[in-house]
1. Provide 690, 322, 714 in ascending order of the number of other Cβ atoms located within 10 Å of each residue's Cβ, fewest first.
2. Compute the FRET efficiency between residue 465 and residue 122 as 1/(1 + (r/R0)^6), taking r as their Cβ-Cβ distance and R0 = 22 Å, and round to the nearest 0.05.
3. Could you sort 138-145, 526-533 so that the peptide with the highest average Cβ count within 10 Å comes first and the rest follow in order?
4. In degrees, nearest 10, range 0 to 90: what is the angle between the Cα axis of helix 366-418 and the longest Cα principal axis of the chain?
5. Label-point separation (nm) for residue 425 and residue 315, each offset 7 Å from Cα along Cα-to-Cβ?
6. Using square roots of five times the C-alpha gyration tensor eigenvalues, list the equivalent-ellipsoid semi-axes of the chain in whole Å, biggest first.
7. Quote the FRET efficiency, to the nearest 0.05, computed for residue 263 versus residue 216 with a Förster distance R0 of 45 Å and r equal to the Cβ-Cβ distance.
8. Determine the gain in length on full extension of the stretch residue 576-residue 366; use 0.36 nm per residue of separation and subtract their C-alpha separation, reporting nm with one decimal.
Ligand SMILES: Nc1ncnc2c1ncn2[C@@H]1O[C@H](COP(=O)(O)OP(=O)(O)OP(=O)(O)O)[C@@H](O)[C@H]1O
């Protein structure tokens with residue numbers, strides 16, 4: 001078993017062996033969105049030293065909203081666990097590891113095991129031999145238990161059903177009208193029966209009039225109930241649509257930033273759009289088939305009343321049809337899986353080319369990209385054709401079966417009539433055939449539904465891969481909301497981006513006094529931006545302590561924190577709308593005077609007022625009608641409008657032309673008044689007046705001091721300074737005033 005320091009399952013540590021199971025349970029529970037405190041569990045269940053037994057572990061899981069079951073697994077099973085992961089593996093020494101993945105790509109297959117006691121969630125790859133030396137196959141599967149009405153359950157058919165059930169009154173009425181309609185469906189066959197058996201044989205005109213009147217009556221009510229059913233379905237669907245849209249947007253906007261950095265925007269939007277395929281399936285084909293199946297409640301008893309032998313015949317054929325459907329479900333699911341993969345590869349490639357169109361054109365890559373595209377299209381066409389051909393097989397088998405119901409009842413019915421069965425006469429035969437054909441239609445629909453079900457299932461996986469991702473921690477929870485003055489301290493902060501080999505920040509400690517201006521410089525990749533990202537609470541999985549005004553950053557409500565922080569990046573996104581609306585983005589209730597004051601402070605007023613429509617100028621798609629400098633100044637005005645107590649300028653002026661940069665730099669002193677400001681810049685000239693300058697080097701704080709001090713003692717700073725100011729000779733001492741003048745000249 002591994003310990004905190006060792007990820008090797010053979011290096012079992014007795015310390016770890018005492019508590020691993022509960023920690024492992026907490027790891028898996030967290031994966032399912034439940035937060036369990038190991039200490040609390042130990043108290044609640046009076047656990048003493050030692051690992052709890054399987055039985056107790058299952059009970060703890062059950063008591064805490066999970067379902068768990070033990071099982072025996074072999075190495076060959078591990079590659080097929082897929083959606084069952086993460087799984088607990090109980091080792092021979094009684095300790096527990098978490099199996100988080102099984103890797104088969106490229107090299108030798110390996111089980112990816114996570115030590116539940118490790119804080120950095122690092123995994124170790126273990127091969128079959130090593131695993132079998134410590135594990136004899138005992139595993140525990142854990143799932144979250146959800147009630148059907150549980151809004152917190154992960155996105156899937158269950159969640160969709162719960163949303164549909166929220167409109168249960170509407171859908172109950174839909175079902176009622178479907179039942180009434182199926183009763184009406186019995187009338188025409190019965191009328192035919194009476195016409196053939198009574199009216200034609202006995203030539204009764206009066207019966208014919210009665211039948212005509214009842215047919216007209218049924219026609220009117222059939223139309224009315226049909227209208228009501230469609231009306232109710234439309235209303236119910238619209239309500240479910242609104243719920244789905246709100247839910248998808250809520251989940252999407254609550255995801256952590258690194259999720260969006262890992263996946264191209266186009267891929268995310270492609271996946272989310274698949275939700276409409278699911279909605280159409282559930283409220284269209286599935287609902288339609290279910291409602292049509294309701295007619296069976298009326299049709300099957302009717303068939304048995306008319307002729308039990310014929311009814312058994314119909315049910316026998318229907319059973320065969322179901323069997324065909326069941327046989328094909330598995331192969332169709334696999335074929336559709338290949339379609340999804342091929343379509344996904346095609347879709348992501350298209351999005352990538354669209355995003356990189358400028359590079360494609362400038363490197364003349366059109367031909368190469370076309371060939372790559374053709375290969376992906378060929379894959380998708382092949383997968384789709386295979387799927388269609390496979391789906392064609394059950395359809396082909398079901399068609400004659402369906403027809404045989406009609407023909408079969410006629411033939412067998414005639415035989416029964418000829419052999420003296422008194423219950424079968426010509427009218428009954430015709431009516432029965434009509435009812436039987438109607439009863440067969442739900443079975444045929446179910447076969448058609450299979451393919452759509454596979455499509456909807458694929459779509460559920462796509463949407464789920466976005467919305468079921470763990471949301472940003474701290475968002476929406478009731479954190480503290482202290483008054484933020486801008487007193488910031490980092491104590492021994494270590495942070496590594498997910499999947500990165502080396503830490504982005506490696507034991508950084510510093511303090512920033514409120515109301516001061518701090519510059520951050522360092523080579524590319526030294527961790528400057530990461531410092532500000534942690535400060536914004538964009539990543540919570542760091543080691544060490546970040547405090548703002550004495551409060552642990554993790555305890556602060558994220559919305560409160562971010563509304564006190566202003567951030568201007570090198571490239572800022574402006575929304576579709578007027579300049580005024582963009583400046584007001586974070587404060588919709590600001591007056592025009594406040595907007596103008598922020599614009600003045602950001603140095604944006606002079607160019608905005610020269611525009612023909614001033615603050616009402618529309619910003620075009622991609623801000624094409626504004627220069628880089630103008631965009632930046634609007635972004636600064638936008639950040640200033642909320643009067644943030646901490647303002648972060650991350651290379652905010654680096655990409656600007658000298659004129660625009662000078663305008664913004666000239667305003668910096670005024671902008672900095674009354675707030676803490678953190679300025680990241682490669683150009684040291686814009687940092688010389690800072691109260692403190694931090695020099696970062698490979699994630700460590702190399703030095704921190706004023707410009708003059710750093711020039712004296714910090715080789716990294718001095719080197720960069722003279723590189724950027726070659727006209728100044730590196731002498732033993734430098735007069736700050738002259739340097740400052742040189743910098744701003
Ligand atoms: N989203 C990310 N995922 C993985 N690694 C990242 C991510 N962002 C940054 N890194 C890595 O973290 C390290 C620090 O990055 P950071 O952006 O903080 O550096 P920086 O000093 O701001 O660089 P630059 O001056 O180029 O903007 C780099 O090695 C970088 O490759």
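1. Details: 690 23, 322 12, 714 20.
Lowest count first: 322, 714, 690.
2. 0.40
3. Result, highest mean first: 526-533, 138-145.
4. Taking the Cα atoms of the chain, the angle to 366-418 is about 20 degrees.
5. Label-label distance for residue 425 and residue 315, simple model: 2.7 nm.
6. 66, 35, 24
7. So, using R0 = 45 Å, E works out to roughly 0.15.
8. Length gained, residue 576 through residue 366: 72.5 nm.
Rule-based calculations on the coordinates, nothing more; no lab input. These figures come from a predicted structure and were not determined experimentally. Methodologically, a virtual Cβ is constructed for each residue, glycine included, from the backbone with ideal geometry; neighbour enumeration extends over all protein chains shown.
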